[in-house]
Structure formats: C-alpha cells, structure tokens
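K.L.:
One structure, as structure tokens, below. Some questions next.
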Amino acid sequence: MNNPQNFTLKLNHVYPVKSEKVFAAWTKPDLLEKWWGPQGYTTKIVEMNLEVNGSYKFNMRSANGVEHIVYGHYVEIIPNEKLVFTWQWEQQTEFPLTNVTVEFIEHDGNTEVIVTHKDLPNEEEAKNHSNGWTSFLKEKLTSFFH
C-alpha cells in the first residue's frame, strides 16, 4: 500500500453573515443540499448524523448524471466555530481516508470560513480538490447567502 504524500490544502472565504448562519449551512441537511458540491452539481444527503463519531454520506451528481459519493465521520464539532470530519470517496477505493477541518471565524458580523483538507495522496488530487473546494466556497456558498 502506498503511503500518502500528505498534501494539504488550505482555502478561505468571507461571507457577509454571522457564524451561526454559516455553521447552519454546513450542518443542517436541508440547507447543505442547497449549496454543497462544485458548480453544476446537485447534492442529496443520504446520511448526516451530526455528532462526534456520527457518520455522513453525500451523493453529488453532475449535470450529465455522474455520481460522486463522499462519506466519513465527524471527529470534532464546536458549534459556530469548528467542524472536523474524515473524507473518503466511495467509488475510488484507492483514495486514502483524508481529513477536513472547517473553521468559522466571525469578524464584525462577517464570517471567514477556512477549509483545511489534509492527507491528500498526490499533487493531482490536491489540485482536483482545490478546484472543488474553491467552487464550493466562492461560487455555491457565496450564492447561497445572497
């Protein structure tokens, strides 16, 4: 088995709303389905048990019908401040278990979201995930709050 090269992504974006609203968008299934996934994708929440060691499973579908299913467990939950969860692709058995930390930092009624995705296996996957997360954060979630 290959050891991951431990590529890490760190992306951030600021939203013009309080941290409670941004945290809710990440933790309430009905809200998450409205914005989760890259541009052009829709998402169905298959499972979302928001507690430490609780599992989640999201089915992202592209406009041409290709499904991408991500699943994992919540590791740490600090309401309105931090979410930590594992990340695994269902269809890519060679893809290692990775870890995502989402920080919610409120500044004067605005909230900065910092996403750190660790343990990506190679530079190509890091680039793919960077493109995906950028689309999530800068396009879809921004539109959600406008």
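The values are calculated or read from the model by the stated rules, or taken from the named source; none is laboratory data. Keep in mind it's a predicted model, so treat the numbers as computed, not measured. Note that each Cβ is placed from the backbone with ideal geometry, even for glycine, and that neighbours are counted across all protein chains shown. SASA here: full protein model, heavy atoms, side chains in, ligands and nucleic acids out. Shrake-Rupley method; radii C 1.70, N 1.55, O 1.52, S 1.80 Å.
K.L.:
For the chain, what is the accessible area per residue in Å² when the probe is 1.4 Å?
P.N.:
Numbers: 7870 Å² over 146 residues.
Dividing the accessible area of the chain by its residue count gives 54 Å².
K.L.:
Now, a different point. Whose amide H sits under 5 Å from the amide H of GLY72, counting only residues 5 or more places off or on another chain, with H placed in the peptide plane?
P.N.:
Residues meeting the criterion, in which the H sits 1.01 Å from N, are TYR56.
K.L.:
Moving to a separate point now. In region 42-106, which GluC sites (Glu not before Pro) fall in coil by DSSP and have 16 or fewer other Cβ atoms within 10 Å? Could you put the intermediate results ahead of the total?
P.N.:
Working: sites: GLU47, GLU51, GLU67, GLU76, GLU81, GLU90, GLU94, GLU103, GLU106; in loops: GLU51, GLU81, GLU90, GLU94.
Those that pass, being in a loop and sparsely packed, are GLU51, GLU81, GLU90, GLU94.
K.L.:
Please label the shape of region 10-119 as rounded, prolate or oblate, based on the square roots a ≥ b ≥ c of the eigenvalues of the alpha-carbon gyration tensor (a/c under 1.5 means rounded; beyond that, a/b larger than b/c means prolate, else oblate).
P.N.:
Details: a/c = 1.75, a/b = 1.41, b/c = 1.24.
Prolate, because a/c is 1.5 or more and a/b exceeds b/c.
K.L.:
Against the longest principal axis of the chain, how steep is helix 123-134, in degrees 0 to 90 to the nearest 10, with axes from Cα atoms?
P.N.:
Approximately 30 degrees, to the nearest 10.
K.L.:
Here's another thing I want to ask about it. Report ³J(HN,Hα) in whole Hz for each residue of region 97-107, in order, from the Karplus equation J = 6.51 cos²θ - 1.76 cosθ + 1.60 where θ = phi - 60°; Gly and Pro get x.
P.N.:
With the stated coefficients, region 97-107 comes to 5, 10, 10, 10, 10, 10, 10, 10, 10, 8, 10 Hz.
K.L.:
Within the set of other residues whose C-beta is less than 13 Å from the C-beta of TRP133, count the net charge using Lys and Arg as +1 and Asp and Glu as -1.
P.N.:
Numbers: positive: LYS10, LYS118, LYS127, LYS138, LYS140; negative: GLU125, GLU139.
Charge balance in the 13 Å sphere: +3.
K.L.:
For the chain, what % of the accessible area comes from carbon and sulfur atoms, probe 1.4 Å?
P.N.:
On the way: 3770 of 7870 Å².
Here carbon and sulfur together make up 48 percent of the probe-accessible area.
K.L.:
Would you look at the GNM of the chain, springs on alpha carbons closer than 10 Å, and say which of VAL17, VAL84, VAL100 moves the most?
P.N.:
Maximum among the listed residues: VAL17.
K.L.:
Mind listing the phi-derived Karplus ³J(HN,Hα) values for region 34-46, rounded to whole Hz, using 6.51, -1.76 and 1.60 with θ = phi - 60°, and x for any glycine or proline?
P.N.:
Each residue of region 34-46 in turn: 6, 9, 5, x, x, 3, x, 10, 10, 10, 10, 7, 7 Hz.
K.L.:
Hey, can you grab everything whose amide H is under 5 Å from the amide H of LYS18? Only 5+ residues off in sequence or another chain; H modelled, so Pro and N-termini drop out.
P.N.:
For LYS18, whose amide H was placed from the backbone, there are no distant partners under 5 Å.
K.L.:
Under 8 Å for C-alpha pairs, at least 6 residues apart: give me the relative contact order for the chain, rounded to a whole percent.
P.N.:
Details: 313 pairs, mean separation 46.3, N = 146.
Computed over the chain, the figure is 32 percent.
K.L.:
How charged is the neighbourhood of GLY54? Take every other residue with its Cβ under 15 Å from the Cβ of GLY54, and add Lys/Arg as +1 and Asp/Glu as -1.
P.N.:
Numbers: positive: LYS28, LYS57; negative: GLU47, GLU51, GLU76.
Its environment carries a net charge of -1.
K.L.:
Normalising by the residue count of region 1-66, find the relative contact order in percent from Cα pairs under 8 Å and 6+ residues apart.
P.N.:
The normalised contact order for region 1-66 reaches 19 percent.
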